[in-house]
Each structure stands twice: as structure tokens, then as C-alpha cells.
């Protein structure tokens, strides 16, 4: 059986120790980290935190699943219907490239095209619409149902929060009623 990347769930705040133990066992692991400045009353300090709290990635064959699970701090493999789900090689490579680049990054809620979102900050705060992407620019689409017209507004992805999934053909009023139900 060929090796694949898998996501494993760890005990809270045990990602780094579990990654270290897996490495000692000869199991390739990847723990994406980011830097954040934490402020206390008396000082500021830069801390290194997991990009995905309670998760890390392992590159292994499923025949070594038990060995991974017997590692202190590791709880379980991310599974579907009782089977460990491989993570896309392209997604892992993209994460590795971003982590190696040194660019500033931080966790962000999962958003996908078609999600209903609300602008959380800036001059457009409070506006709701549908998230779209044109080329490399993110936009929210605002609609005037009566006129059957829409406008796309460019937004910074960091300033939006998900408030609902894809609208799947619902009219604006029906989607609003569904959200408020």
C-alpha cells in the first residue's frame, strides 16, 4: 500500500510534542505553524502556534496506523465511515510552500465560493452577500431581488465571516427566511 498524507487529531496543545514523537519513530510529519504576538498586561511576546489547532499531518502507509495512534498525544485519524481519508498532495504542498516562504499568515474560517458572508470590519461592515472570486480577487455579490440585479463588491477575505452555506438557487427572501428560521 503506498504512503499518503493523513490528518490526525491530537490532544489539545499536544501538536508539537506529538509531531516530535512521530519524527523520532521515523514517521514523516508536517505541523504547519504561524507566529502571533500575544499581549499581556505587562508585556508582549511572540508565540509560535499550530495553524490548525489539534491537527497535524503524517505521511505514512495505513499499515503503520496503529503505530501512529500509539504515539502520546495522538487521538485519532480523520476518517469518513471508519476509513482514514488521505489529504490531497497538492494541498499539503501548498501549505508547505506557504510555511517555508515566511509570509505572514494566520488561521481563517473556512470559506468557499457561494457561501453567504458578512463583512465584519471596515466601511462595509454589516453588509451581507454571496462570496465569489474573479481571477485573484474576492468579491461579495449584493442583490436587489425586485430588480433582479446584482452588484459585486471587492473585499478583503480577512474582513468577511461566513454566515451560511451556498444558496443553491434560493431567492434572496427565501435565503433570508431560512437563515432567520
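The residue pairs whose first member lies in region 68-79 and is modelled with pLDDT under 95, whose second member is not in a loop (DSSP other than H, G, I, E, B), and whose beta carbons are closer than 8 Å, counting only pairs six or more residues apart or on different chains, are 78/6; 78/7; 78/8; 78/9; 78/55; 78/84.
Scanning region 26-46 for residues that are within 22 Å of the chain's Cα centre (by Cα) and either at pLDDT 95 or above or within 30 Å of residue 4 (Cα to Cα) (or both) yields 28, 29, 30, 31, 32, 33, 34, 35. Within region 49-74, which residues are under 16 Å from residue 95 (Cα atoms) and assigned to a strand (DSSP E or B)? Once the filter is applied, which keeps residues that are under 16 Å from residue 95 (Cα atoms) and assigned to a strand (DSSP E or B), region 49-74 yields 49, 50, 55, 56, 57, 58, 59.
Among the residues of region 1-45, which ones are part of a strand (DSSP E or B) and exposed (fewer than 12 other Cβ atoms within 10 Å of the Cβ)?
First, the residues of region 1-45 that are part of a strand (DSSP E or B): 4-10, 28-30, 33-39, 44-45.
Those that are part of a strand (DSSP E or B) and exposed (fewer than 12 other Cβ atoms within 10 Å of the Cβ): 37, 38, 39, 44, 45.
One residue is enough: does region 112-123 have a residue meeting the conditions out of contact with any strand residue (DSSP E or B) (no Cβ under 8 Å at 6 or more places or on another chain), on the phi > 0 side of the Ramachandran plot and either assigned to a helix (DSSP H, G or I) or not assigned by TED's automatic domain parsing to the domain that holds residue 65 (or both)? Looking through region 112-123, at least one residue is out of contact with any strand residue (DSSP E or B) (no Cβ under 8 Å at 6 or more places or on another chain), on the phi > 0 side of the Ramachandran plot and either assigned to a helix (DSSP H, G or I) or not assigned by TED's automatic domain parsing to the domain that holds residue 65 (or both). The residues of region 104-125 that are over 21 Å from residue 51 (Cβ atoms) and loosely packed, with under 10 Cβ neighbours inside 10 Å amount to a single one, 123. Within region 136-161, residues that are over 13 Å from residue 117 (Cα atoms) sit with their Cβ atoms under 6 Å from residues that are at pLDDT 80 or above and exposed (fewer than 11 other Cβ atoms within 10 Å of the Cβ), at 6+ positions apart or across chains, in these pairs: 137/154.
Pick from region 68-103 the residues that are touching a strand residue (DSSP E or B) at 6+ places or on another chain (Cβ under 8 Å) and under 17 Å from residue 35 (Cα atoms): which of them is surrounded by the fewest Cβ atoms within 10 Å (Cβ to Cβ)? Applying the filter and picking the extreme gives 96.
The values are calculated or read from the model by the stated rules, or taken from the named source; none is laboratory data. No experiment lies behind these values; they were computed from the predicted model shown. Cβ coordinates were reconstructed from backbone atoms using ideal geometry, including for glycine residues, and neighbour counts include every protein chain displayed.
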